[in-house]
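Asks: Below are the structure tokens for one structure; questions will follow.
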Amino acid sequence: MIDLFNYYRRETSEVQVGGTPLGGKNPIRIQSMTNTVTLDTEACIEQAKRIIDAGGEYVRLTTQGVKEAENLMHINIGLRSQGYMTPLVADVHFNANVADTAALYAEKVRINPGNYVDAARTFKQLEYTDEEYANELQKIRRRFVPFLNICKENHTAIRIGVNHGSLSDRIMSRYGDTPEGMVESCMEFLRICV
């Protein structure tokens, strides 16, 4: 039972996100996301400045494709040239190549394990033997480790963001749309990180 009158924060590890550390004994951080087109450099810079000026400590931008991820470089340069050092977070879905590129220009990259390597959901019930399932996990490892290496080289933080709307067919077939499936979707990637 949660005691609402004697709240305490769960102990977490500190993660360096650009110059603004997250977790540990740091305060809870405020992040907001732009709703501008990520290819529109000036609009993104101006909206990011408004977010930062209003107290945002991280600015998240959607990166649908490689072009958007590449444009993070120009957004980052534009903000830094105006004295805004707030870390940028790239929000990546459906394309591991986008994550690779974004990791070069953003201080943090958010990936979704349900659509990082696995094909887009078809809502088909799939049957895997344990060996076939293990092979699928190896496929994830082969694609995810190069991304981890890019992040290490560039000091880019990673967020593994799971949600019900993007659990893979593989996870859904084995666990269903359940809390266990949500956890396992993330844990597969965390195990590779470890």
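Asks: Quote the FRET efficiency, to the nearest 0.05, computed for residue 153 versus residue 173 with a Förster distance R0 of 25 Å and r equal to the Cβ-Cβ distance. Let's see the in-between values first.
Replies: Details: r = 35 Å, r/R0 = 1.42.
Result of the calculation: an efficiency of 0.10.
Asks: Which loop chymotrypsin sites (Phe, Trp or Tyr not before Pro) in region 1-75, with loop taken from DSSP, have no more than 12 other Cβ atoms within 10 angstrom of their Cβ? Don't jump to the answer; show the numbers that get you there.
Replies: On the way: sites: 5, 7, 8, 58; in loops: 5, 7, 8.
Sites meeting the loop and neighbour criteria: 5, 7, 8.
Asks: Also: When the helix-only estimate is applied to the chain (DSSP H runs of n ≥ 4, each -39,500 (n - 2.57), divided by the residue count), what is the mean residue ellipticity at 222 nm, nearest 500 deg cm²/dmol?
Replies: Working: 6 runs with 86 residues, N = 194.
So the helix-based figure for the chain works out to -14500 deg cm²/dmol.
Asks: Rounded to whole Hz and in sequence order, give me ³J(HN,Hα) for region 130-146 from the Karplus expression 6.51 cos²θ - 1.76 cosθ + 1.60, θ = phi - 60°, writing x for Gly and Pro.
Replies: Coupling constants for region 130-146: 4, 5, 5, 5, 4, 5, 5, 5, 5, 4, 4, 4, 4, 8, 7, 4, x Hz.
Asks: Among 187, 172, which comes first, then next, by fewest other beta-carbon atoms within 10 Å? Could the numbers behind the result be given before it?
Replies: On the way: 187 14, 172 20.
Starting with the residue having the fewest Cβ neighbours, the order is 187, 172.
Asks: OK, next. Find out how many positive minus negative residues lie around residue 191, taking Lys and Arg as positive, Asp and Glu as negative, among other residues whose Cβ is under 13 Å from that of residue 191.
Replies: Here the charged neighbours net out to -1.
Asks: Now, a different point. Can you list residues whose amide H is under 5 Å from residue 158's amide H, if they're 5+ apart or on another chain and H is modeled 1.01 Å from N?
Replies: Long-range HN contacts for residue 158: 109.
Asks: For residue 127 paired with residue 37, estimate the spin-label separation in nm (one decimal), with each label point 7 Å from Cα along the Cα-to-Cβ line.
Replies: Once both label points are built, they end up 4.8 nm from each other.
Asks: Find how much the distance from residue 15 to residue 28 grows on full extension, using 0.36 nm per residue of separation minus their present alpha carbon separation; answer in nm with one decimal.
Replies: Values: separation 13, 0.36 × 13 = 4.68 nm, distance 1.25 nm.
Net length gain for the segment: 3.4 nm.
Asks: Would you work out which of 72, 95, 55 lies farthest towards the positive end of the dipole of the chain? Charges go on Cβ: Lys and Arg +1, Asp and Glu -1.
Replies: Final value for the positive-end residue is 55.
Asks: Can you give the Kirkwood hydrodynamic radius for the chain, in Å, rounded to one decimal and based on Cα pairs? Write out the running numbers ahead of the final one.
Replies: On the way: mean 1/r = 0.0556 Å⁻¹.
Radius from the Kirkwood sum: 18.0 Å.
Asks: Roughly speaking, what is the stretch gain from residue 85 to residue 139, that is 0.36 nm per residue apart minus the C-alpha to C-alpha distance, in nm to one decimal?
Replies: On the way: separation 54, 0.36 × 54 = 19.44 nm, distance 3.67 nm.
Gain on extension, residue 85 to residue 139, equals 15.8 nm.
Asks: Order these peptides, 128-138, 26-36, 152-162, 43-53, by their mean beta-carbon neighbour count within 10 angstrom, highest first. Write out the running numbers ahead of the final one.
Replies: On the way: 128-138: 11.3, 26-36: 14.0, 152-162: 16.1, 43-53: 18.1.
Averaged packing, sorted descending, gives the order 43-53, 152-162, 26-36, 128-138.
Every number in this text was worked out from the coordinates using simple rules, so none of it is lab data. This structure is a prediction, so every number in the text was calculated from the model and none was measured. Every residue, glycine among them, receives a Cβ derived from its backbone with ideal geometry; neighbour counts consider all protein chains shown.
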